[in-house]
Amino acid sequence: MAVEDNTREIEATIVTDLRERMTYGSYLGLETLLQSQHPRSSPEHHDELLFIIQHQTTELWLKLVLHELDDARRLLAADDLGSALKRIARVKHIQEVLTQQWSVLATLTPTEYAQFRGALANASGFQSAQYRQVEFALGNKHERMLKVFESSPEDHAALAAELERPSLYDEFLRLLARRGHPVPAEVLERDVRKAHVFHEPLVEVFTAIYERAGEPGAGARQGVEDWRAYEACEELVDLEDNFQLWRFRHLRTVTRTIGMKTGTGGSSGTDFLRRALDLTFFPELYAVRTRIGA
């Protein structure tokens, strides 16, 4: 109901005396969080705050992605595919937010960025430990990447632990094997410290899953668990598609902001980012699309 002074009454039940009580700010640690933006340009450039917050929020979302992927792998190892798919579905929504965030950073023009870029010195997104952990968790292992984090023992230890752990794809393939799918032993026993590479016999495994799922009445005949193997394959494809879209938007945002300049961390810049688009997490799940119906 509208009121003359365009305000609303504070309901009597609302707590207003917050002394010695848990508050919104204390629960979220906002005093620390909102004081964690420290522009380095001098004089401080207006747009540097945008650049900092963009990357800080990305790191917060990556923390949640790792939290979900960690539990998804635990659930797959425990044969709880349904709950694992719920975790993966959440990651997909986070990926959408991360990709959309690039449109905010893309409002930074080359002239604006150039005025504070020098303040970054050698700081670069290439040095994001959480991003590398996500890549490792999805299967793009790269042991030499640990060298980048030798100056940060905590980050180095976290990435080293991720290197030793089976990826999401490893755990999914192990689950399929336990459910009777003929996943080759060399895949199940592979060195999980290495990046997963294309394995032709796996395409046959996925072809069988897809073709059975495509038969009339397949869902009812196979049962919920068998159908979920097919569903999980598509969820993983969504996951990789989303990751590649994020990589592409990163590339395009960098291209429109710095052109062909080298990266602050010493990379070749856009050329280095472009090569990341050739990396894949679940190659057999894409190869099966060529096989089906051929």
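If you scan the stretch 20-62, which residues turn out to be in contact with a helix residue (DSSP H, G or I) (Cβ under 6 Å, 6 or more places away or on another chain) and among the aliphatic types (A, V, I, L, M)?
Residue satisfying the conditions is Leu62 alone.
Residue-by-condition table, conditions (1) buried (at least 16 other Cβ atoms within 10 Å of the Cβ); (2) modelled with pLDDT of 95 or more; (3) touching a Ser or Thr at 6+ places or on another chain (Cβ under 6 Å); (4) in a helix (DSSP H, G or I):
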position: Arg174; (1), (2), (3), (4): yes, yes, no, yes
position: Lys194; (1), (2), (3), (4): no, yes, no, no
position: Tyr210; (1), (2), (3), (4): yes, no, no, yes
position: Asp226; (1), (2), (3), (4): yes, no, no, yes
position: Glu234; (1), (2), (3), (4): no, yes, no, yes
position: Asp238; (1), (2), (3), (4): no, yes, no, yes
position: Asp241; (1), (2), (3), (4): no, yes, no, yes
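For the stretch 144-155, check the following and say yes or no: at least one residue is surrounded by 15 or more Cβ atoms within 10 Å (Cβ to Cβ), out of contact with any His (no Cβ under 8 Å at 6 or more places or on another chain) and more than 18 Å from Leu279 (Cβ to Cβ).
Within the stretch 144-155, one or more residues are surrounded by 15 or more Cβ atoms within 10 Å (Cβ to Cβ), out of contact with any His (no Cβ under 8 Å at 6 or more places or on another chain) and more than 18 Å from Leu279 (Cβ to Cβ).
Condition first: in contact with a Phe, Trp or Tyr (Cβ under 9 Å, 6 or more places away or on another chain), farther than 23 Å from Gln133 by Cβ and assigned to a helix (DSSP H, G or I). Now tell me which residues in the stretch 100-116 satisfy that.
Within the stretch 100-116, Tyr113 is the sole residue that qualifies.
Could you run through the stretch 259-271 and say how many residues are surrounded by fewer than 18 Cβ atoms within 10 Å (Cβ to Cβ) and touching a residue at least 40 places away in the same chain (Cβ under 8 Å)?
4
What are the pairs, 6+ residues apart or on separate chains, where a residue within the stretch 103-122 that is open to solvent by 50 Å² or more (accessible area, probe 1.4 Å) has its Cβ under 9 Å from a residue that is of a type in the set (Asp, Glu) and part of a loop (DSSP other than H, G, I, E, B)?
Close Cβ pairs satisfying both conditions: Thr107/Asp47; Thr109/Asp47; Glu112/Asp47; Gln115/Asp47.
For the stretch 176-192, which positions are touching a residue at least 12 places away in the same chain (Cβ under 8 Å), assigned to a helix (DSSP H, G or I) and open to solvent by 30 Å² or more (accessible area, probe 1.4 Å)?
Across the stretch 176-192, the qualifying residues are Arg178, Glu186, Leu188.
The values are calculated or read from the model by the stated rules, or taken from the named source; none is laboratory data. Nothing here was measured: the structure is a model prediction, and the numbers come from that model. Here Cβ is always computed from backbone atoms with ideal geometry, including for glycine, and neighbour counts include all displayed protein chains. What goes into the accessible areas is simple: the full protein's heavy atoms, side chains included, and nothing from ligands, DNA or RNA. Shrake-Rupley method; radii C 1.70, N 1.55, O 1.52, S 1.80 Å.
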